[in-house]
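Note sheet for the following structure.
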Amino acid sequence: MTEDDFLKDLFSKLPTGDSNLTVPNGDDTAAFRSTTGMHTLIACDQLIEGRHYLSDTPPKICGAKLLKRNLSDIAAMGGIPKYAVLSCNVNNDCPEQWLKDFHQGLLDCAQQYNVQLIGGDLASSPGPNAFSLTITGESSQPIQRSGAEDGDLLFATGEFGLSFPSEHHLHFTPRIKEGQFLANFAKAMIDLTDGLLLDSQRLLNASKQTLDLQLFKELIPPRSHHQELASFQEILTDGEDYELIFAIPANREIELQNSWPFETKLSKIGEFKKGTGKIYDNEHLLLDIHTNKGFDHFQS
Ligand SMILES: Nc1ncnc2c1ncn2[C@@H]1O[C@H](COP(=O)(O)OP(=O)(O)OP(=O)(O)O)[C@@H](O)[C@H]1O
Ligand SMILES: Cc1ncc(C[n+]2csc(CCOP(=O)(O)O)c2C)c(N)n1
Ligand SMILES: [Mg+2]
């Protein structure tokens, strides 16, 4: 099969009829009209064989995971996902059917979340499969990582830890609807990929390190796997939770709890106080990111 044959087959599976999409897939670039009054969001994330999935992971699940990783970033801004472009560098020996199934898994997920794949690139090389997806979205009011203040509460969706052994890292649901709902509450928000501790530190650092964060250890829901509950260390550092954590003013706690319309768990897990960028537990023990490492590609 040639690249052009592969693309012809792929294009026949893509939705048509979006009136804002003025140049669809197949030209030198895609083009879309932006909706006036909205912010356009854009982000990219990768999926690498041996790093984000094992060689025997089913290809449809890999394709969906790549899109869901990117959807999680749109969710963290409180945005609505729109368009995606996909860059593929597959191993020379990768079976054609594997690549087809990877695309099909991604397209099924795209349909579920109303995302349109409007471009991409194909290449092959002797190395592991590596994919990069760029996503766009829109938001009337993007929620940034900065914005938490003294006295704000830290809330979280979902459960934490044991993502890899439980295969949550493959089967998670990106918190798109929750993120859009939270755009009306959150002063600062981030999605959790590298572990609760490292990603909370990023939230703190974005507030120019004028705050400390006290985590309510007992209130952070652990994931369970084979009757084992994630330990506090696993909660803090395992990563790939793909949940949202966010700051709200303390006087909106009851309103948030009472109006939360989702089955997704919602937990109050901490409180911001004036400080210097440190994270403590409720027994005032310092949770140091240097001793409780999260996931860092350049350290592992
Ligand atoms: N090579 C790069 N060039 C330019 N900007 C980058 C590059 N790598 C990362 N960034 C930017 O740095 C910031 C942090 O990137 P990072 O990938 O850690 O965030 P993330 O995508 O939310 O997390 P994760 O990749 O763990 O899901 C983002 O704003 C990202 O766009
Ligand atoms: C084969 C395999 N080995 C290890 C892991 C665990 N893992 C990989 S990347 C990452 C952090 C987030 O990555 P990023 O910073 O790129 O978003 C974690 C926790 C996995 N999923 N698959
Ligand atoms: Mg990233």
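The values are calculated or read from the model by the stated rules, or taken from the named source; none is laboratory data. Everything numeric in this text was worked out from a predicted model, so none of it was measured. Using ideal geometry, Cβ is built from the backbone for each residue, glycine included, and neighbour counts are taken over all protein chains shown. We work out accessible area using only protein heavy atoms, side chains counted, and drop any ligands, DNA or RNA first. Shrake-Rupley method; radii C 1.70, N 1.55, O 1.52, S 1.80 Å.
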Worksheet entry | Those residues of the range 3-39 which are touching an Asp or Glu at 6+ places or on another chain (Cβ under 7 Å) and open to solvent by 80 Å² or more (accessible area, probe 1.4 Å), in sequence order | His39
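Output the residues belonging to the range 59-77 that are within 14 Å of ligand 1 (Cβ to nearest atom) and small (Gly, Ala, Ser).
So in the range 59-77, the residues within 14 Å of ligand 1 (Cβ to nearest atom) come out as 65-77.
Those that are within 14 Å of ligand 1 (Cβ to nearest atom) and small (Gly, Ala, Ser): Ser72, Ala75, Ala76.
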Worksheet item: Pairs under 9 Å by beta carbon, first residue in the same structural domain as Tyr113 (by TED's automatic domain parsing) in the range 5-26, partner assigned to a loop (DSSP other than H, G, I, E, B) and surrounded by fewer than 12 Cβ atoms within 10 Å (Cβ to Cβ), six or more apart or different chains?
Response: Asp9/Met1; Ser19/Arg33; Asn20/Arg33; Leu21/Arg33; Thr22/Arg33; Val23/Thr29; Pro24/Thr16
Worksheet item: Going by the conditions given, is Glu138 within 15 Å of Ser72 (Cβ to Cβ), open to solvent by less than 50 Å² (accessible area, probe 1.4 Å) and among the acidic types (Asp, Glu)?
Response: no
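Looking at Gly63, Gly79, Gly37, Gly119, which is the one that is more than 16 Å from ligand 2 (Cβ to nearest atom) and in contact with a Leu (Cβ under 7 Å, 6 or more places away or on another chain)? Show your work before the answer.
Working: Gly63 fails: more than 16 Å from ligand 2 (Cβ to nearest atom); Gly37 fails: in contact with a Leu (Cβ under 7 Å, 6 or more places away or on another chain); Gly119 fails: in contact with a Leu (Cβ under 7 Å, 6 or more places away or on another chain).
None of the others qualify; the one that does is Gly79.
Of everything in the range 204-241, what is in a helix (DSSP H, G or I) and either open to solvent by 50 Å² or more (accessible area, probe 1.4 Å) or within 16 Å of ligand 2 (Cβ to nearest atom) (or both)? Give them in sequence order. Lay out the reasoning, then the answer.
First, the residues of the range 204-241 that are in a helix (DSSP H, G or I): 204-206, 217-219, 232-237.
Asn205, Lys217, Glu218, Leu219, Gln233, Glu234, Ile235, Leu236, Thr237, listed by residue number.
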Worksheet entry | Residues of the range 29-58 satisfying the condition of being acidic (Asp, Glu) and within 12 Å of ligand 1 (Cβ to nearest atom) | Asp45
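Do we find a residue being touching a helix residue (DSSP H, G or I) at 6+ places or on another chain (Cβ under 6 Å), of a type outside the set (Lys, Arg) and closer than 19 Å to Val23 by Cα anywhere in the range 143-152? First the steps, then the outcome.
Applying the first criterion (touching a helix residue (DSSP H, G or I) at 6+ places or on another chain (Cβ under 6 Å)) to the range 143-152 yields 145-146, 151.
Add one more test, that the residue is of a type outside the set (Lys, Arg), and what stays is 146, 151.
Imposing the further condition that a residue be closer than 19 Å to Val23 by Cα reduces the set to none.
Within the range 143-152, not a single residue is touching a helix residue (DSSP H, G or I) at 6+ places or on another chain (Cβ under 6 Å), of a type outside the set (Lys, Arg) and closer than 19 Å to Val23 by Cα.
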Response to the item:
Checked the range 242-267 for anything open to solvent by less than 60 Å² (accessible area, probe 1.4 Å) and under 30 Å from Leu66 (Cα atoms); matches are Tyr242, Glu243, Leu244, Ile245, Phe246, Ala247, Ile248, Trp260, Phe262, Thr264, Leu266, Ser267
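Can you go through Val85, Val90 and tell me which one is aliphatic (A, V, I, L, M), surrounded by fewer than 24 Cβ atoms within 10 Å (Cβ to Cβ) and within 16 Å of ligand 1 (Cβ to nearest atom)?
Working: Val90 fails: within 16 Å of ligand 1 (Cβ to nearest atom).
Only one candidate passes the filter, namely Val85.
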Worksheet, complete the sentence: Residue set Leu54, Leu47; condition within 14 Å of ligand 2 (Cβ to nearest atom) and open to solvent by less than 10 Å² (accessible area, probe 1.4 Å); output residue Leu47
